[in-house]
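Derivation of every value follows stated rules applied to the coordinates shown; laboratory data play no part. All figures in this text were calculated on a predicted structure; none of them were measured in a lab. All Cβ positions, glycine included, derive from the backbone under ideal geometry; neighbour counts span all protein chains shown.
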Ligand code: GLN
């Protein structure tokens, strides 16, 4: 398979097409991104690396970080975490409050904001210094010591995060948040603030292509069954109410963020990071989705 040739062709085709959608505007740090940015980076298990365009520009990974927080909570608590949240696609927007009322404060899955807040609560209960220890986990998993929070973005998230504060308090009213909601949302806003480029993103997620083990030092991050399950949740819930569409068009487990980033995994083969800030109406990168759709079409390789 000549990935380099196919990626180059598909990248150029998508770049030449219309750059549709809007850049997220709720905080200046996202609103001020250059909408023309477009990067992709693939890392395969047999050490092939292909980068194109703005693949070395850092951006705010936003909700993609929810995969890392789920991974750490799952590694610490195992199947017990599923007493606090589900694994069903929500079919609603990422920040919706609606289902929590009838579901009695049990979020449908860990990738909607409600579920990510419960995961943050679990981590706060389990860790002495959650922010520091989470960052240490991220650096160890990725082999990248430079990764950090952006205090500027975390502060901006907090200044407009009324809906996340509402979600957290609402879940607490059902007894499914143990800690102080302010501490939980503070941790959540920091998660949203992590910055990476496409190459870092692609390398960071290789463990999910590799049965739960890191590539840089062959250490288990989670066990094989947990890696399978994290991939499964990415497949069914990684794109909010566009998860079915992403599965239909791309056919790989993936996760999007409102900064325009997408990570997609081909278990047993590769991990690919894509970034383009303009989002469709569901909050997923327009060019990112298009690129991945063409990539799996042209390579004739997806998990289906
Ligand atoms: N910071 C965003 C929020 O909490 C993250 C959402 C996302 O990337 N979809 O609303």
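Taken over the range 34-57, the residue count meeting the criterion of being in a loop (DSSP other than H, G, I, E, B) and within 19 Å of residue 147 (Cα to Cα) is 4. Looking only at residues in the range 30-48 that are touching a residue at least 40 places away in the same chain (Cβ under 8 Å) and more than 26 Å from residue 18 (Cβ to Cβ), the one that is surrounded by the fewest Cβ atoms within 10 Å (Cβ to Cβ) is 48.
Regarding residue 238, is this residue more than 24 Å from residue 13 (Cα to Cα), within 16 Å of the ligand (Cβ to nearest atom) and within 14 Å of the chain's Cα centre (by Cα)? So residue 238 fits the description; yes.
Scanning the range 73-96 turns up at least one residue that is out of contact with any strand residue (DSSP E or B) (no Cβ under 9 Å at 6 or more places or on another chain), free of Cβ contacts under 8 Å to residues at least 40 places away in the same chain, within 18 Å of residue 165 (Cβ to Cβ) and surrounded by fewer than 24 Cβ atoms within 10 Å (Cβ to Cβ). Mind listing just one residue for me: the one in the range 134-147 that is in contact (Cβ under 8 Å) with a residue 12 or more places away in the chain and in contact with a helix residue (DSSP H, G or I) (Cβ under 7 Å, 6 or more places away or on another chain) and, of those, surrounded by the fewest Cβ atoms within 10 Å (Cβ to Cβ)? The qualifying residue surrounded by the fewest Cβ atoms within 10 Å (Cβ to Cβ) is 144. In the range 208-224, of all residues being touching a strand residue (DSSP E or B) at 6+ places or on another chain (Cβ under 6 Å) and touching a residue at least 60 places away in the same chain (Cβ under 8 Å), the one that is farthest from the ligand (Cβ to nearest atom) corresponds to 209.
Filtered by the rule that a residue be more than 14 Å from the chain's Cα centre (by Cα), within 16 Å of the ligand (Cβ to nearest atom) and closer than 16 Å to residue 236 by Cα, the range 247-288 gives a lone residue, 282.
Residue 304 meets all of the listed conditions (1) away from the ligand (no atom under 13 Å from the Cβ); (2) crowded, with 24+ Cβ neighbours inside 10 Å but one, namely (2). If you go through the range 155-164 and keep only what is assigned to a helix (DSSP H, G or I) and buried (at least 22 other Cβ atoms within 10 Å of the Cβ), you end up with 157, 164. Does residue 87 qualify as being more than 20 Å from residue 62 (Cβ to Cβ) and within 16 Å of the ligand (Cβ to nearest atom)? The answer is no for residue 87.
In the range 107-133, which residues are surrounded by 18 or more Cβ atoms within 10 Å (Cβ to Cβ) and away from the ligand (no atom under 16 Å from the Cβ)? Within the range 107-133, 122, 123, 124, 127, 130 qualify. Taking the range 175-207 as the search range and keeping residues that are under 12 Å from the mean Cα position of the chain (by Cα) and part of a helix (DSSP H, G or I), which one is farthest from the ligand (Cβ to nearest atom)? Within the range 175-207, the match that is farthest from the ligand (Cβ to nearest atom) is 202. If you go through the range 214-230 and keep only what is under 23 Å from residue 48 (Cβ atoms), surrounded by fewer than 22 Cβ atoms within 10 Å (Cβ to Cβ) and touching a helix residue (DSSP H, G or I) at 6+ places or on another chain (Cβ under 6 Å), you end up with 214, 215.
Taking residue 104 as the residue in question, decide whether it is within 15 Å of the ligand (Cβ to nearest atom) and farther than 21 Å from residue 238 by Cβ. Considered against the rule, which asks whether it is within 15 Å of the ligand (Cβ to nearest atom) and farther than 21 Å from residue 238 by Cβ, residue 104 comes out as no. Looking only at the range 37-57, which residues are touching a helix residue (DSSP H, G or I) at 6+ places or on another chain (Cβ under 9 Å) and under 30 Å from residue 159 (Cβ atoms)? Matches in the range 37-57: 38, 39, 54, 56, 57.
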